[in-house]
Amino acid sequence: VYFDTSDAVDFIRRMQIFIWVIVGTSLIAIYFLLTFAFRKQNNKISRQAKELSNIIDKSPIGIYTINKDGIIDSFNPKMVELAGAKNAEEVIGINALELPTYKAVGLDKFIYEGLQGKAFITEVKYTSYTGKKTTYRHYFGVPIFNGDGKSAEKLLLMVNDITVRKKLE
């Protein structure tokens, strides 16, 4: 007995091509719908990110972040100036908890507590690790919590040079 299955095979192949075309068209349509639907939100987020970056870069105080392992993640231009560094890349990646200059003035303890979730304010006479520049500094540390709100994932530090005020005092 012989069965001619060429028509069935041809039909199955056509159905496979038709299904793949439908799937591909659907995926393209979904992509364009999502792109169109979220365009305003993406533009707003991009605008806000640029604005925030500009604020940090133009800030008259030093701003930097330390991750939960004690590694310096970011360093704004004013902080580069305060540190006497050539650029931010010279400092990013250094473990702040192991810096001998931080240990000498007790900043390592404040940073450790900040990474545990406790904000702090302190003033110290500090000689920078990179530029060997001695200044009086006002430190304000704020923990940045992760999604659960219980554990700090970073520490935001804001540093102000108060040398002139201290000399006047």
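Given the structure, is ALA49 modelled with pLDDT of 90 or more and more than 18 Å from LYS133 (Cβ to Cβ)?
For ALA49, the condition - modelled with pLDDT of 90 or more and more than 18 Å from LYS133 (Cβ to Cβ) - is met.
Could you give every pair whose Cβ atoms fall below 6 Å, whose first residue belongs to region 116-136 and is under 18 Å from ILE162 (Cα atoms), and whose second residue is open to solvent by 60 Å² or more (accessible area, probe 1.4 Å) and not in a strand (DSSP E or B), counting only separations of at least 6 or pairs across chains?
Between residues of region 116-136 that are under 18 Å from ILE162 (Cα atoms) and residues that are open to solvent by 60 Å² or more (accessible area, probe 1.4 Å) and not in a strand (DSSP E or B), the close pairs are PHE120/PHE110; THR122/PHE110; TYR136/LYS166.
So which of ILE72, ILE162, ILE121 ends up being within 23 Å of the chain's Cα centre (by Cα) and over 24 Å from SER53 (Cβ atoms)?
ILE121
Got at least one residue in region 29-47 being within 30 Å of VAL80 (Cα to Cα) and outside any helix (DSSP H, G or I)?
So far as region 29-47 goes, no, none of its residues is within 30 Å of VAL80 (Cα to Cα) and outside any helix (DSSP H, G or I).
Could you figure out which of (1) modelled with pLDDT of 95 or more; (2) surrounded by fewer than 10 Cβ atoms within 10 Å (Cβ to Cβ) isn't true of ASP7?
Checking ASP7 against (1) modelled with pLDDT of 95 or more; (2) surrounded by fewer than 10 Cβ atoms within 10 Å (Cβ to Cβ), the one that fails is (1).
Assess whether LYS58 counts as being open to solvent by 100 Å² or more (accessible area, probe 1.4 Å) and under 30 Å from ARG137 (Cβ atoms).
yes
The values are calculated or read from the model by the stated rules, or taken from the named source; none is laboratory data. Keep in mind that this is a model prediction, so the values were computed, not measured. Positions of Cβ are generated from backbone atoms using ideal geometry, with glycine treated the same way; all protein chains shown enter the neighbour counts. Surface areas here come from the heavy atoms of the whole protein model, side chains and all, with no ligands, DNA or RNA. Shrake-Rupley method; radii C 1.70, N 1.55, O 1.52, S 1.80 Å.
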